[in-house]
Amino acid sequence: MQSEAFILAIESSCDDTSAAIIYGNKILANVTASQKIHEQYGGVVPELASRDHQKNIIPVVDAAIKKADVKLSQIEAVAFTQGPGLMGSLLVGASVAKSLALALNVPLIAVNHMQAHILAHFIKDEETQEFPAFPFICLTISGGHTQLVKVNAPLDFELLGETTDDAVGEAFDKAAKLLGLGYPGGPQIDKLAKGGNPHAYNFSESKVEGFDFSFSGIKTSFLYFIQNNLQKDPDFVKRNLADICASYQRHLVHVLMKKFEKAILETGIKDIALAGGVAANSEVRTQMQSLGKQHGCRVFIPKFEYCTDNAAMIAIAASYKFSERDFCSMDIVPEVKMKVG
Ligand code: KG4
Ligand code: ZN
């Protein structure tokens, strides 16, 4: 169960500074400052990310408290992302959370970012909202992760499989960079794909055992495909951009769905879910719905603002931990790598 307590949560694992206030399973505020500085570098620059967190964090926390219309004295716990993430970025959130917990004399709660992405499904926004039933399977897809997780209970996670190299979000972003699109490239490929033929081109498929994924081979085959075609026709990308995006996107999503289908068949679980920034992709959403239909599954996809990195998901995870009295001590340190379960 989630707890009936006001909790302040902070997320700072990568390039978004976010603060949220939760009461039970209802979000009272979720304020995020997205860092634009990385766009010019075509990827997140860790040193710059930490500095931007340092600049943004107090105004963001302040804005969340004002928006939720709560007093600092009402806050009953402070939560933060312990990891996985960039060390410099995590340290900013952890330090501010510790200072606040100390000043307010309330417990501190450390949250696993990957667990939080999944628990975002339990944020209540609508009266008639349905929630996944346990156990369910969740595919967490983002710029840093690709994981297939069996969720047995709110705080009981079992990793079925994950990427052995690049995350699927990276496969989108790196291809977009090659095509001369901006950063992050995933949303741009998604947009351009809408006007293209998804069957125009085929890409190689990596063979990976079990429920694991691999995207680095696909990325390399995409690079050679572009280079070879540009040698024959310097305008190849310009003239076929929509078809390239649609075909590449279909291929990446097909790889994800194949493993998801294997998990449905082998576990017999009928509630299936998506999490992470790539869950915003329209092809992922379409193929997920048809997978659900085909196997008689209920499909759960969180609201967009709870898919990309945000503190609301840290807050809901903290709400479960609060009811278990799962607090941490002040000497806790962030972890760059953390397993989901
Ligand atoms: O979860 P997230 O906000 O941050 C990480 O923890 O990584 O995910 C960001 C990733 C980026 O790789 C971005 O390109 C991708 O999500 N993304 C998309 C779409 N929207 C965001 N990828 C494909 N299609 C989209 N519509
Ligand atoms: Zn994330």
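Assorted remarks:
- Top-ranked residue of segment 126-142 - restricted to ones that are of a type outside the set (A, V, I, L, M, F, W, C) and either within 16 Å of ligand 2 (Cβ to nearest atom) or not in a loop (DSSP other than H, G, I, E, B) (or both), ranked as surrounded by the most Cβ atoms within 10 Å (Cβ to Cβ): Thr140
- First in segment 106-126 and closer than 13 Å to Lys339 by Cα, second anywhere and β-branched (Val, Ile, Thr) and away from ligand 2 (no atom under 12 Å from the Cβ), Cβ under 8 Å, 6 or more apart: Met114/Val149; Ala116/Ile316
- Residues satisfying the stated conditions in segment 25-43, i.e. closer than 29 Å to Ile7 by Cα and crowded, with 17+ Cβ neighbours inside 10 Å: Asn25, Ile27, Leu28, Ala29, Asn30, Val31, Thr32, Ala33, Gln35
- Applying the criterion of being touching a strand residue (DSSP E or B) at 6+ places or on another chain (Cβ under 8 Å), closer than 26 Å to Glu4 by Cβ and of a type in the set (A, V, I, L, M, F, W, C) to the residues of segment 72-93, the residue that is surrounded by the fewest Cβ atoms within 10 Å (Cβ to Cβ) is Ile75.
- Selected residue (criterion: farthest from Ile21 (Cα to Cα)) from residues of segment 65-124 that are of a type outside the set (A, V, I, L, M, F, W, C) and in a strand (DSSP E or B): Gly83
Here is a yes/no grid of residues against (1) buried (at least 17 other Cβ atoms within 10 Å of the Cβ); (2) away from ligand 2 (no atom under 16 Å from the Cβ); (3) under 18 Å from the mean Cα position of the chain (by Cα):
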{"site": "Val168", "(1), (2), (3)": "yes, no, yes"}
{"site": "Ala175", "(1), (2), (3)": "yes, yes, no"}
{"site": "Asp190", "(1), (2), (3)": "yes, yes, yes"}
{"site": "Gly195", "(1), (2), (3)": "no, yes, no"}
{"site": "Phe222", "(1), (2), (3)": "yes, yes, no"}
{"site": "Lys232", "(1), (2), (3)": "no, yes, no"}
{"site": "Ser247", "(1), (2), (3)": "yes, yes, no"}
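- Residue check, Thr163 out of contact with any helix residue (DSSP H, G or I) (no Cβ under 8 Å at 6 or more places or on another chain), polar (S, T, N, Q), closer than 20 Å to Ser13 by Cα and in contact (Cβ under 8 Å) with a residue 24 or more places away in the chain: yes
- Restricting attention to segment 266-290, the residues being out of contact with any Cys (no Cβ under 9 Å at 6 or more places or on another chain), assigned to a helix (DSSP H, G or I) and within 16 Å of ligand 2 (Cβ to nearest atom) number 1.
- Selection status of Ile123, away from ligand 1 (no atom under 14 Å from the Cβ), buried (at least 16 other Cβ atoms within 10 Å of the Cβ) and farther than 21 Å from Glu335 by Cβ: yes
- Some residue of segment 152-169 being more than 20 Å from Ala318 (Cβ to Cβ) and assigned to a helix (DSSP H, G or I): yes
- In segment 6-24, the residues that are in contact with a Ser or Thr (Cβ under 9 Å, 6 or more places away or on another chain) and over 13 Å from Ala311 (Cα atoms): Tyr23, Gly24
- Residues that are charged (D, E, K, R), farther than 22 Å from Leu139 by Cα and either in contact with a helix residue (DSSP H, G or I) (Cβ under 9 Å, 6 or more places away or on another chain) or part of a helix (DSSP H, G or I) (or both), drawn from segment 225-261: Lys232, Asp233, Lys238, Arg239, Asp243
Coordinate-derived values only; no laboratory data. All values reported here derive from a predicted model rather than from experimental measurement. Quick reminder, even Gly has a Cβ in these numbers, built from the backbone with ideal geometry, and neighbours come from all protein chains shown.
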